[in-house]
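Since the structure comes first, as structure tokens, the remarks are kept for the end.
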Amino acid sequence: MVIRQASKDDIAQILMLTNSVADKHGKNRPDILVEHPYHITCEKLERNIQSDDHYVIVAADDTGNKIAGVILCSIRSYADDLKYQDAKIISIEDTCVDLAFRGNHVGSMLLDYIKKLACTIGCSRLESNVWAFNKESRSFFQANGFEIQRMIMECAINE
């Protein structure tokens, strides 16, 4: 398995993976998300691949042709903020491993790459938002050293 920054040639496969995540989210929270919340477009991926404050990292099989997993991240910085300590953070926006490659530690390899990258660029931590229904994702992040930092509580108001 090769972990590397994505290229434009990877976009079609990345979209297939991220759309599968979007489908799962839309199916589990139709009260919040539209039926197909495909929030990542080809154009957005292309911009993020070229951006200095976004990372699109893929795990490719040994041939380099099949994308086994992807992790999409952005950098957030706090400086002279009245509420938060000064910090540079990598925010993990999407993570997905192709079903055919699950159980082979592909996701952990992607996270290890991001952790090393975070150290290299001076980040103090990684953060990831995980939907409460997504037990698989919660378990994955906790198995890779993540702890719950905060929770968003909700109360649906039925009129």
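The values are calculated or read from the model by the stated rules, or taken from the named source; none is laboratory data. The structure presented is a predicted model; accordingly, all values stated were derived computationally and were not measured. Cβ placement follows ideal geometry from the backbone for every residue including glycine, while neighbour counts extend to all protein chains displayed. Remember, those area values only see protein heavy atoms, side chains included, never the ligands or the DNA or RNA. Shrake-Rupley method; radii C 1.70, N 1.55, O 1.52, S 1.80 Å.
Might you let me know whether the range 70-79 holds any residue that is surrounded by fewer than 16 Cβ atoms within 10 Å (Cβ to Cβ), in a strand (DSSP E or B) and of a type in the set (S, T, N, Q)? Can you show your working first?
Just the residues of the range 70-79 that are surrounded by fewer than 16 Cβ atoms within 10 Å (Cβ to Cβ), to begin with: 74, 76-79.
Still in the list and also in a strand (DSSP E or B): 74, 76-78.
Going one step further and asking which of them are of a type in the set (S, T, N, Q), we end up with 74, 77.
The answer is yes; a qualifying residue exists.
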Check your understanding: Does at least one position in the range 94-114 carry a residue that is in a strand (DSSP E or B), surrounded by 12 or more Cβ atoms within 10 Å (Cβ to Cβ) and β-branched (Val, Ile, Thr)?
Key -> yes
If we ask which residues in the range 95-109 are more than 18 Å from Ala22 (Cα to Cα) and in contact with a strand residue (DSSP E or B) (Cβ under 7 Å, 6 or more places away or on another chain), their number turns out to be 3
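Residues checked against (1) under 13 Å from the mean Cα position of the chain (by Cα); (2) touching a residue at least 40 places away in the same chain (Cβ under 8 Å):
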residue	(1), (2)
Glu46	no, no
Ser51	no, no
Asp61	no, yes
Ile90	yes, no
Ser108	yes, no
Asn134	no, yes
Ser139	no, no
Asn144	no, no
If we keep only residues of the range 15-48 that are in a loop (DSSP other than H, G, I, E, B), at pLDDT 85 or above and out of contact with any helix residue (DSSP H, G or I) (no Cβ under 6 Å at 6 or more places or on another chain), then the residue least open to solvent (accessible area, probe 1.4 Å) is Arg29
Considering residues that are in a loop (DSSP other than H, G, I, E, B) and surrounded by 15 or more Cβ atoms within 10 Å (Cβ to Cβ), the number found within the range 132-159 is 3
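If you take the residues of the range 121-131 that are open to solvent by 70 Å² or more (accessible area, probe 1.4 Å) and without any contact (Cβ under 8 Å) to a residue 60 or more places away in the chain, which of them is nearest to Asp94 (Cα to Cα)?
If we filter the range 121-131 for residues that are open to solvent by 70 Å² or more (accessible area, probe 1.4 Å), which is where we start, we get 124-125, 129, 131.
Among the residues that remain, those that are also without any contact (Cβ under 8 Å) to a residue 60 or more places away in the chain are: 124-125, 129.
Values: Ser124: 20, Arg125: 16, Asn129: 9 Å.
Once the filter is applied, the top-ranked residue is Asn129.
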Taking the range 1-13 and keeping only residues that are assigned to a helix (DSSP H, G or I) and either closer than 11 Å to Ala60 by Cβ or at pLDDT below 85 (or both), one is left with Asp9, Asp10, Gln13
